[in-house]
Structure formats: structure tokens, C-alpha cells
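Single-structure report; data block below.
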Amino acid sequence: MRRKDREVTDRAVIDDVISSARVCRIGLVDGEEAYIVPMNFGYGEGCLWFHSALEGRKVELIKRNGKATFEIDIDHGLVMDKVADKCTNHYVCVMGKGPITIVEGEEKMKGIRYLMAHYTSDNYKMTDRCAPKAHIFKLIIESMTCKRNP
């Protein structure tokens, strides 16, 4: 990270950023082309969990490559000034990478629970009928960084 003065290394703060976010963008590779998509997600066990339709470009890329990057950001705030180089944007972001796979069985149900827990505090009843309607992806976080401005 170029701006070490903005780096956040406290794992509790990083976990709070991830837990506070509503969207996670995942980046995949399609041959010579980058492909990025915003996703609903859950967080647990050092992994990000996503759900998806059973087919589509994202599914094919994950099956083909199995590598992903991710980006999460919160606390946006544009700061204006009469002098252009004094304008800035406040934010906190987490970026990282790791292998991503489609999970099945109990691990799939676990992923659905993490997704539901991320967006609600309610204890939803989970049934096996939930699982066939979507893929669940598990991204194992191998590395990540966090940056804050200010």
C-alpha cells in the first residue's frame, strides 16, 4: 500500500468494516478481460459467502478459474473546497483475494446462514428447499488490506 498512513491493520476494525457493508464487489478474469460484479454477501470463518443464479457468466468464470479478488467500501463522504486539490472523498475500503468455489451440502447451508445473518438479526428457519434455488460461492480470504481516508 502506497499510503501507509492510511492503512488499517487492526483486525477488529477490518471485521467491522466488512460486517457494516451491504455490497461486496468480486473481480474475476475472463480471458484477457476483467469482470467485476456487485454481490450480496455473508462473512464468517475467514471467508466471504455469496449467492447466485445457477447459470451465467459469473458461474462459468468461477468454474473455469477459481480465483477472485474482492472490494468492500463504506463511510463515503465527499469533502469539497474552493481549491480543487483540497477536495477529497472520505471512505474505508477492504480489498483482498483468494480462491472461490461453488459449495454444496452442509457447507452450502452454512453459506446461506452467513448471508442471512449479514443482512438481518432475525433467526430465519432454514430448510433444504432453499439450497437448490441458487449457487453458494465461498471465497477463502488469503490476503486483504484495509485503507481509511481520513
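The values are calculated or read from the model by the stated rules, or taken from the named source; none is laboratory data. Given the structure is predicted, the values throughout are model-derived calculations rather than measurements. Ideal geometry is used to build each Cβ from the backbone, glycine not excepted, and the neighbour counts take in all protein chains shown.
Scan segment 141-150 for residues that are out of contact with any Lys or Arg (no Cβ under 7 Å at 6 or more places or on another chain) and either surrounded by 11 or more Cβ atoms within 10 Å (Cβ to Cβ) or more than 23 Å from Ala21 (Cβ to Cβ) (or both) and report the count. The number of residues fulfilling the criteria is 4. In this structure, does Met126 turn out to be closer than 19 Å to Met39 by Cα and surrounded by 13 or more Cβ atoms within 10 Å (Cβ to Cβ)? When the stated conditions are applied, Met126 does not pass them. Residue under question is Val59, and the condition is that it be in contact with a helix residue (DSSP H, G or I) (Cβ under 7 Å, 6 or more places away or on another chain) and either at pLDDT below 95 or not hydroxyl-bearing (Ser, Thr, Tyr) (or both); does it hold? No; evaluated as a whole, the condition is false for this residue.
If I filter segment 4-20 for residues that are within 13 Å of the chain's Cα centre (by Cα), assigned to a strand (DSSP E or B) and under 16 Å from Ile72 (Cβ atoms), do I get at least one hit? Looking through segment 4-20, none of the residues is within 13 Å of the chain's Cα centre (by Cα), assigned to a strand (DSSP E or B) and under 16 Å from Ile72 (Cβ atoms).
I'm trying to understand the selection: among the residues of segment 46-58, which are touching a residue at least 40 places away in the same chain (Cβ under 8 Å) and outside any strand (DSSP E or B)? Break it down into steps so the answer makes sense when it comes.
So the first thing to find is which residues in segment 46-58 are touching a residue at least 40 places away in the same chain (Cβ under 8 Å), and the list is 46-54.
Residues satisfying the conditions are Gly46, Ala53, Leu54.
Can you spot a residue in segment 24-41 that is part of a loop (DSSP other than H, G, I, E, B), touching a residue at least 40 places away in the same chain (Cβ under 8 Å) and exposed (fewer than 13 other Cβ atoms within 10 Å of the Cβ)? No - not one qualifying residue is present in segment 24-41.
Considered as a group, the residues in segment 69-100 that are under 17 Å from Ile140 (Cβ atoms) and in contact with a Leu (Cβ under 9 Å, 6 or more places away or on another chain) include one that is surrounded by the fewest Cβ atoms within 10 Å (Cβ to Cβ), and that residue is Pro99.
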